[in-house]
Amino acid sequence: MTGVGQRSLWRDAASRLAANRAAMAGLVVVALFAFVAIAAPILAPYDPAAGDTRNHELDPFWGDPAYRSAAFPLGTDQLGRDVLSRLIWSARVSLLIGFVPVSIIVTIGVAVGLVAGYYGRWADLLLMRAVDVIYAFPELLFVIVIVTAARGTWIGELGSGIVLIFVSIATVSWVGMARLVRGQVLALRGLEFIDAARAMGASDRRILVRHVLPNVLAPVIVAVAFGVPGAMLTESALSFLGIGIKPPTPSWGVMINEGFTLAIQSPWPVLMPAVCISVVMLAFTFLGDGLREALDPRA
Amino acid sequence: MTVTARGPVAQGSTASHAPHLLEVTGLTMHFPITQGLVFQRQVGAVRAVDGVDFFVDKGETVGLVGESGCGKSTTGRAILQLYKPTKGAVLFDGTDLTKLGGEAMRKQRRRMQMIFQDPYASLNPRMTVGNIIGEPLEVHELAKGQAKLNRVQELLRVVGLNPYFTNRYPHEFSGGQRQRIGIARSLAVEPDFIVCDEPISALDVSIQAQVINLLEELQSKFNLTYLFIAHDLSVVRHISDRVAVMYLGKIVELADRDELYKRPLHPYSQALLSAVPIPDPAVETKRQRIILTGDVPSPVNPPSGCHFHTRCWKAQAVCSEVDPEFKVHAPRHWAACHFPG
Amino acid sequence: MPDLLDVKGLETRFFTRDGEVHAVDGVSFRLAAGETLGIVGESGCGKSVTALSLMRLIPYPPGKITAGTVMFDGQDVLKMDDDEVRAIRGNNMAMIFQDPMTSLNPVLTISRQITEALELHLKMNRTDARKRCLELLEMVGIPSAKVRMDDYPHQFSGGMRQRVMIAMALSCNPKLILADEPTTALDVTIQAQILELLKKLAKEFGTAFILITHDLGVVAGMTQRIHVMYAGRIVEKADTGELFANPKMPYTWGLLRSIPRLDESRRAKLRPIEGLPPDLINLPVGCCFAARCQYKRDVCTEKEPELKVVPKAKPDHEARCWGTQEGGWLVDVDYRTDTTVMAAVGAAS
């Protein structure tokens, strides 16, 4: 093919995405969030875990002049830890929690979904029964069961409990992805272009890679865009319940959990991580919606 | 179920010494109906194709007509091994396709192609036209890079499209243009034989004629052999050399085109022909119509004996008991009926 | 006697993201009581939208009837309020849709769907309505109707469902039935059954009907008059016999030439209409068919022709074509033997 005027689905999608204001705003926020997470050691003014009780519960810079300090622009928590630094380091945990389990989910889910949907038979049966079992419980409940069961073991200790959260979220959520992909593949398998590829002499591998996969990728990408904030939210929920990330490692959920008891007299340490969660969630939602529209070449 | 060994294949072979390009004998395609949550057991079968015999000679067009659910499309797909036939043989240039393994079959596919009904579903929406038409070249390692692009552009020209359309997506084209893209794809590997599965039924009247003409031009240009599957008897008459009529999984009649349309022997063929409206009020007001009663029975549980006896005005006791043999009644004219004519 | 239906300057548009779609653009026609009319055209020509507009069934948004009058039985349907329209729909004017699979409500029994209209429009009580329903189903040829009337739509085949639709349409003795591609989704042998039934019933009840189809064969034996539509307008009107014997618009010629006929043994090459119908958002200047017309001259792309009575034809034969109007260059052309004309046109241009 010539290079001039070459169009690809992804390039077209990118230009459609660029035209979508809400999605671009979402993308900017997500990029900013990722940057903060990656650059946390540079950006954070203090050690997020080390506090000085003499400076505890300082107001943010817009608070009561008697109880604030220019050294802690967003104030401190009850242990005197800098809220700004903790928010910044939390972004790092959230980023990991958002992307690592989702990568596992996508890898396993897409592979299993493709095989189950395309070849059917026992692979499909097995998948659907697994789906039935896992869908019988609320997702969060299932995660909580796994986390509480494995918290005392060596896995629970790895990375202050982050690894256990990866594993539990991935265990529960890959079936959803597999089911999504399977459904897409089943619908595609009935379409004539798959028959056309077979009639042309394409191998199964080629059909899966060239014809099936690109057509299921769009919903997968959209699912990822919604899955990432979902995982973050799960982590926050677990940490809020006290079974997620082990303190003193900060995460937005942990911060809310710790600040919760004192929320009446000192609401800021709770509100600020809550705002962070909401903004990032909203950004991902906008981005996900934008991607859904952009990836449909018929739009 | 009886599969007649003395079908048109055997007799056709003795009549002419040149071997047929395609010989189908006793082709049967049953789709199992299963039940059960974990352990699935078969509780029945959709008898989509139920013992079909015919042959296609090089360079001719055989039309396969019938109403929806008669098994005509399934026959086309089973011939190309898109479904694994339950029974029967498909001899293509002397090779039994049903006995070929995956790789050997894949190689054979270069010689046989298919044109599909739905111009919207038959093209991958996420591939450019260039990639769609170029893919068979890649699969069979016929051309790469610039050579491939040149060939794709040539093919686009052959089917009457702008050769510079290679970078466009299928959704940017109209139904008729998409059908041309599908035709270009099937021509890419220079096949001998093409199964056309209702290639025009999704198109508008004025566009249908464009595609029919194109198919005819291509046939004479590249010496193609067609199996033309359609429900429109007028179109089949126009394009075919010989016509086979299917009803509930069986071919009930097969003859040269004019012979079949002038002298249909099977009551079903007669009813089918009389049902087609003719765009001429002078003819239409004078015509005697045979109106069949009822609907086509289910292929899961087809009637005993002759499948057509439940709707046939000539049916007698024997029709519900004995499956009529598919035999020759006139030169090159086969029918499966106890009371033909 | 006044006409049953008198449509004048009907204009229906769809307001979409890409622009204004001129789906129906100035359609006028009349229909006497008991008359049968065929509206023929390809997809997107506006034939279905015309039918939906007559019943005010255009979804708004995006669609809107922007101009025209539809006098039905002396009243303008387009000026009625919603209650008045509802009183007419299904009562005096009924519609049969293309897809018998989706036009019946899957969760109601057949009898319930028919009796509903009877109770609503004719104020029948349940028992009378059921009795009438049984009569109707027997009339349209549903076997063992008494048992089957309490079945659900999915228990019926496509042909049987279309019979049910016809029974529903007939239930209130309408004066006009609009049948929109009633047999397109059906097989040929079933199509023959349904057309036979429609013809018989229309004769029996003296109901006027408009048969909308893309299939010239279907209208040939079914209707008294035919209107050919293209790009949202009527391009030719004539008696059925006249239209097939002496068509006067190159688009109609194209349609007739591009379909193979069952009774034609000669394997003549089909002569398709080249190109595609125009974009209804950006309609061309002049005649909307000019871009695909073999016979066009300069005037065709400059000014739009009007629907005018054709010379040397039956008196109520009208065509929208510069070439076949008084003094036009196509008046004496027989479309079946026009090769010389094509050559002449080629030489002139």
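To keep it simple, each residue is scored yes or no on (1) over 28 Å from C:VAL7 (Cα atoms); (2) among the aromatic types (Phe, Trp, Tyr); (3) out of contact with any Pro (no Cβ under 7 Å at 6 or more places or on another chain).
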| site | (1), (2), (3) |
| --- | --- |
| C:PRO153 | yes, no, no |
| C:ARG161 | yes, no, no |
| C:CYS172 | no, no, yes |
| C:PRO182 | no, no, yes |
| C:ILE190 | yes, no, yes |
| C:GLU204 | no, no, yes |
| C:PHE209 | no, yes, yes |
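Can you spot a residue in segment C:257-268 that is part of a helix (DSSP H, G or I), more than 24 Å from C:VAL49 (Cα to Cα) and within 13 Å of chain B (Cβ to nearest Cβ)?
Yes, some residue in segment C:257-268 is part of a helix (DSSP H, G or I), more than 24 Å from C:VAL49 (Cα to Cα) and within 13 Å of chain B (Cβ to nearest Cβ).
Could you grab the pairs with beta carbons closer than 7 Å, sequence gap of 6+ or different chains, first residue in segment A:56-76 and under 19 Å from A:GLU258 (Cα atoms) and assigned to a loop (DSSP other than H, G, I, E, B), second one among the polar types (S, T, N, Q) and open to solvent by less than 90 Å² (accessible area, probe 1.4 Å)?
A:HIS56/A:THR76; A:HIS56/A:GLN78; A:GLU57/A:THR76; A:GLU57/A:GLN78; A:GLU57/A:SER266; A:LEU58/A:SER69; A:LEU58/A:THR76; A:PHE72/A:ASN55
Any residue in segment B:65-91 that's more than 14 Å from chain C (Cβ to nearest Cβ) and open to solvent by less than 10 Å² (accessible area, probe 1.4 Å): show its pairings with residues that are in a loop (DSSP other than H, G, I, E, B) and at pLDDT below 95 at Cβ separation under 7 Å, as long as the two are six or more apart or on different chains.
Partner pairs satisfying both residue conditions: B:ALA78/B:PRO85.
Quick check: is even one residue across segment A:267-287 surrounded by fewer than 24 Cβ atoms within 10 Å (Cβ to Cβ) and not in a helix (DSSP H, G or I)?
Checked against the condition, which is being surrounded by fewer than 24 Cβ atoms within 10 Å (Cβ to Cβ) and not in a helix (DSSP H, G or I), segment A:267-287 yields at least one hit.
Only residues that are open to solvent by 10 Å² or more (accessible area, probe 1.4 Å), in contact (Cβ under 8 Å) with a residue 12 or more places away in the chain and either in contact with an Asp or Glu (Cβ under 6 Å, 6 or more places away or on another chain) or more than 7 Å from chain A (Cβ to nearest Cβ) (or both): list them for segment B:110-121, please.
Scanning segment B:110-121 gives B:ARG111, B:GLN117, B:ASP118, B:TYR120.
Which is in contact with a Phe, Trp or Tyr (Cβ under 8 Å, 6 or more places away or on another chain) and either open to solvent by less than 20 Å² (accessible area, probe 1.4 Å) or not in a loop (DSSP other than H, G, I, E, B) (or both), of B:ASN131, B:ASN124, B:ASN150?
Answer to the check: B:ASN124.
So A:ILE144 ticks every box in (1) within 16 Å of A:GLY244 (Cα to Cα); (2) within 14 Å of another protein chain (Cβ to nearest Cβ) but one. Which box is left unticked?
Tallying (1) within 16 Å of A:GLY244 (Cα to Cα); (2) within 14 Å of another protein chain (Cβ to nearest Cβ), A:ILE144 fails exactly one: (2).
Considering segment B:159-192 alone, what residues qualify as being closer than 15 Å to B:ARG110 by Cα and at the interface with chain A (Cβ under 9 Å from one of its Cβ atoms)?
If the condition is that a residue be closer than 15 Å to B:ARG110 by Cα and at the interface with chain A (Cβ under 9 Å from one of its Cβ atoms), then B:ARG185, B:SER186, B:ALA188, B:VAL189 are the ones that fit.
In segment B:129-156, what residues are within 9 Å of chain A (Cβ to nearest Cβ) and at pLDDT below 90?
B:GLY145
Among residues belonging to segment C:211-228 that are farther than 22 Å from B:ASP232 by Cβ and in contact with a helix residue (DSSP H, G or I) (Cβ under 7 Å, 6 or more places away or on another chain), point out the one that is modelled with the highest pLDDT.
Ranking the candidates gives C:ARG225 first.
Kindly establish whether B:LEU265 is out of contact with any helix residue (DSSP H, G or I) (no Cβ under 9 Å at 6 or more places or on another chain) and touching a residue at least 12 places away in the same chain (Cβ under 8 Å).
Yes, satisfied.
B:GLU103 versus (1) open to solvent by 20 Å² or more (accessible area, probe 1.4 Å); (2) over 28 Å from A:LEU127 (Cβ atoms); (3) outside any helix (DSSP H, G or I): which is the lone unmet condition?
(3)
I need the strands (runs of 3 or more DSSP E) fully contained in segment C:26-104, keeping only those with at least 1 residues that are open to solvent by 30 Å² or more (accessible area, probe 1.4 Å) and under 22 Å from C:GLN224 (Cβ atoms).
The qualifying strands (runs of 3 or more DSSP E) are C:63-72.
At least 3 residues that are open to solvent by 20 Å² or more (accessible area, probe 1.4 Å) and either touching a Gly at 6+ places or on another chain (Cβ under 8 Å) or not β-branched (Val, Ile, Thr) (or both) in each: list the helices (runs of 4 or more DSSP H) lying fully within segment C:138-240 that qualify.
Answer list for segment C:138-240: C:158-170, C:188-205.
For segment C:242-256, how many residues are in a helix (DSSP H, G or I) and either open to solvent by less than 40 Å² (accessible area, probe 1.4 Å) or touching a Ser or Thr at 6+ places or on another chain (Cβ under 8 Å) (or both)?
Residues in segment C:242-256 being in a helix (DSSP H, G or I) and either open to solvent by less than 40 Å² (accessible area, probe 1.4 Å) or touching a Ser or Thr at 6+ places or on another chain (Cβ under 8 Å) (or both): 10 in total.
For segment A:185-196, check the following and say yes or no: at least one residue is closer than 30 Å to B:VAL195 by Cα, surrounded by 23 or more Cβ atoms within 10 Å (Cβ to Cβ) and either away from chain B (no Cβ under 12 Å) or touching a residue at least 40 places away in the same chain (Cβ under 8 Å) (or both).
Looking for residues that are closer than 30 Å to B:VAL195 by Cα, surrounded by 23 or more Cβ atoms within 10 Å (Cβ to Cβ) and either away from chain B (no Cβ under 12 Å) or touching a residue at least 40 places away in the same chain (Cβ under 8 Å) (or both), one finds at least one in segment A:185-196, hence yes.
Confirm whether A:VAL131 is out of contact with any Lys or Arg (no Cβ under 6 Å at 6 or more places or on another chain), of a type in the set (Val, Ile, Thr), part of a helix (DSSP H, G or I) and closer than 16 Å to A:SER173 by Cβ.
no
Restricting to segment A:197-216, what's the tally of residues that are touching a residue at least 24 places away in the same chain (Cβ under 8 Å) and open to solvent by 20 Å² or more (accessible area, probe 1.4 Å)?
Final tally of qualifying residues: 4.
Of the residues that make up segment A:104-114, is at least one out of contact with any helix residue (DSSP H, G or I) (no Cβ under 8 Å at 6 or more places or on another chain), of a type outside the set (D, E, K, R) and at pLDDT below 85?
No; the residues of segment A:104-114 include none that is out of contact with any helix residue (DSSP H, G or I) (no Cβ under 8 Å at 6 or more places or on another chain), of a type outside the set (D, E, K, R) and at pLDDT below 85.
Go through the residues of segment C:187-199 one by one and say whether even a single one is more than 13 Å from every other protein chain (Cβ to nearest Cβ) and out of contact with any Asp or Glu (no Cβ under 9 Å at 6 or more places or on another chain).
no
Of all the residues that make up segment B:299-308, how many are touching a helix residue (DSSP H, G or I) at 6+ places or on another chain (Cβ under 9 Å) and surrounded by fewer than 22 Cβ atoms within 10 Å (Cβ to Cβ)?
Residues that pass the stated criteria total 3.
Which residues, taken from segment B:115-127, are over 12 Å from B:GLN179 (Cα atoms) and modelled with pLDDT of 90 or more?
Passing the criteria: only B:ASN124.
Mind checking which residues of segment B:92-109 are at the interface with another protein chain (Cβ under 10 Å from one of its Cβ atoms) and within 18 Å of the chain's Cα centre (by Cα)?
If the condition is that a residue be at the interface with another protein chain (Cβ under 10 Å from one of its Cβ atoms) and within 18 Å of the chain's Cα centre (by Cα), then B:ARG109 is the only one that fits.
The values are calculated or read from the model by the stated rules, or taken from the named source; none is laboratory data. Please read these numbers as outputs of a predicted model, since none were measured by experiment. Neighbour counts run over all protein chains shown; Cβ positions are idealised from the backbone, glycine included. With ligands, DNA and RNA removed, areas are computed over all heavy atoms of the protein, side chains included. Shrake-Rupley method; radii C 1.70, N 1.55, O 1.52, S 1.80 Å.
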